[in-house]
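Input: a single structure, listed below in structure tokens.
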Amino acid sequence: MRVGILGCGTGGPAAALFLKRQGHEAVMFERVPELRPVGAGLLIQPTGMLVLERLGLRAEAIRLGSRIRRLDGRTSRGWQVIDLSYGDLRPGLFGLGIQRGALSGLLWEAARAEGVEVRTGQEVASFEEKADGVYVLGERFDRLIVASGARSGLRPPGARVQPYPWGALWCLLDGEVWPETLTQRFRDTRQFIGLLPSGQGTTSLFWSIRADAVDAWRLGGLDTWKEQARALMPEAPLDRVQSAQQMIFAPYFDVVAPRWNTERVVWIGDAAHAMSPQLGQGANLALWDAWVLSECGTLDEYSAKRKAHLSFYSFASRLLTPFFQSSLPLLAPARDLVAPPLHRWGWYRRQMLLSLAGVKTGFFSEMEVPVLPEVAGHQVGGAMPP
């Protein structure tokens, strides 16, 4: 088949690689005129790393990133509300903090090296699906994969798109603060700062903020913000933030659709099912989408196989987000009182770790936790596409 792919982020080039290796022709369209590594850090979970292993890219991703073995989240009073270690789920298991641009660059360069055609500076605002194919910018394809991200103007039929009132300001800083740990601090539900080691000697800094407060934040000056942030996390290297322009605003979207395909078009990644990043699954779900799609005979089969996995994470992220980012500070006392004892309860702790690892398919069901070799190994086992 000849397949068009919209978007060169995470899911798009991963899908292109799988398709190319199956003997199909893949053409990627990207609206920016030049592909450049940009973006702060993201967390690749064991599910995402299993897909990278299948693509032969995990070892290089690990070299570019930072191993994350623990998540530590505390309130401004020092109460620990998040305390999760990957090794408690399986010895040796870890997540991977990596710059978004480094991951995207790794994927698209691999796609180019295998002969995938990449057309930059081509913004696709619409397509036409006909009986004989899908037409993009007047060109015919047998199938079309829409992987154009959370802000995509192209959505699955019947999709509900809801912007979150909150988002995050982020920047990439030189140096690591707490190696191997994603560190977060909360003041009720209205202030939240996070530090994620992101590879190559960098740390990603995140600051929670309402979308309608960003302009006022920029006018208020860095000194005012740094005073608030230091009160919440004194150890944060805020002296490395030299200007407000370093801080980039990332909005959140909640996208829910009854299915993710038509006869010839399929949606993957955030274009299909964007959600709050509270569970850290965005890039992982996009990678898993690409893998499952490559294993399916029809697009209807793809939507059916992705339903349980995506429905769980969409609902869980929507449920948890108000307890950490919202204008409802009265939710914080319930979070702070209930979370610590729940984390000590073995069953609940395991469910949280399974959710973190990316393998939950329902509140009482999950896929197998991936078993991955050391970087120098050759064998890989673990979860297969459901």
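The values are calculated or read from the model by the stated rules, or taken from the named source; none is laboratory data. If you're wondering where the values come from, they're calculated on a predicted model, not measured in any experiment. Virtual Cβ from ideal backbone geometry, glycine too; neighbours counted across all protein chains shown. Remember, those area values only see protein heavy atoms, side chains included, never the ligands or the DNA or RNA. Shrake-Rupley method; radii C 1.70, N 1.55, O 1.52, S 1.80 Å.
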Checklist entry - Between a first residue in the stretch 9-25 that is on the phi > 0 side of the Ramachandran plot and a second residue that is open to solvent by 70 Å² or more (accessible area, probe 1.4 Å) and of a type in the set (Ser, Thr, Tyr), which pairs have beta carbons less than 6 Å apart while being 6 or more apart in sequence or on different chains? => result none
Next on the checklist: With the requirement that a residue be more than 20 Å from the chain's Cα centre (by Cα), in a loop (DSSP other than H, G, I, E, B) and at positive phi, what does the stretch 114-161 give you?
Outcome noted: GLY115, GLY121, LEU137, GLY138, GLY158
Next on the checklist: I'd like to check something: does the stretch 218-232 contain any residue that is in contact (Cβ under 8 Å) with a residue 12 or more places away in the chain, within 30 Å of SER152 (Cβ to Cβ) and surrounded by 15 or more Cβ atoms within 10 Å (Cβ to Cβ)?
Outcome noted: yes
Checklist outcome for this item: Filtering the stretch 320-334 for residues that are part of a helix (DSSP H, G or I), over 24 Å from the mean Cα position of the chain (by Cα) and touching a residue at least 60 places away in the same chain (Cβ under 8 Å) leaves a count of 2
Checklist entry - Of all the residues that make up the stretch 1-42, how many are assigned to a strand (DSSP E or B) and open to solvent by 20 Å² or more (accessible area, probe 1.4 Å)? => result 3
Item to check | Selected residue (only one of GLY101, GLY65, GLY97 is open to solvent by less than 50 Å² (accessible area, probe 1.4 Å), of a type outside the set (Phe, Trp, Tyr) and at pLDDT below 95) | outcome: GLY101
Checklist entry - Can VAL292 be described as open to solvent by less than 40 Å² (accessible area, probe 1.4 Å), of a type in the set (Val, Ile, Thr) and assigned to a helix (DSSP H, G or I)? => result yes
Item to check | Residue check for MET28: over 30 Å from GLN245 (Cα atoms), out of contact with any Leu (no Cβ under 7 Å at 6 or more places or on another chain) and in contact (Cβ under 8 Å) with a residue 24 or more places away in the chain | outcome: yes
Checklist outcome for this item: Within the stretch 364-381, the residues that are in a loop (DSSP other than H, G, I, E, B), over 22 Å from ALA316 (Cβ atoms) and either at pLDDT below 80 or open to solvent by 80 Å² or more (accessible area, probe 1.4 Å) (or both) are GLU374, VAL375, ALA376, GLY377, HIS378, GLN379, VAL380
Checklist entry - Do we have GLN278 as of a type outside the set (Asp, Glu), open to solvent by 20 Å² or more (accessible area, probe 1.4 Å), within 30 Å of GLY221 (Cα to Cα) and without any contact (Cβ under 8 Å) to a residue 40 or more places away in the chain here? => result no
Checklist outcome for this item: Taking the stretch 90-113 and keeping residues within 30 Å of ASP188 (Cβ to Cβ) and either in contact with a Pro (Cβ under 6 Å, 6 or more places away or on another chain) or not in a helix (DSSP H, G or I) (or both) leaves GLY95, GLY97
Item to check | Pick from the stretch 162-180, criterion open to solvent by less than 60 Å² (accessible area, probe 1.4 Å) and part of a loop (DSSP other than H, G, I, E, B), ranking: farthest from PHE206 (Cα to Cα) | outcome: GLY175
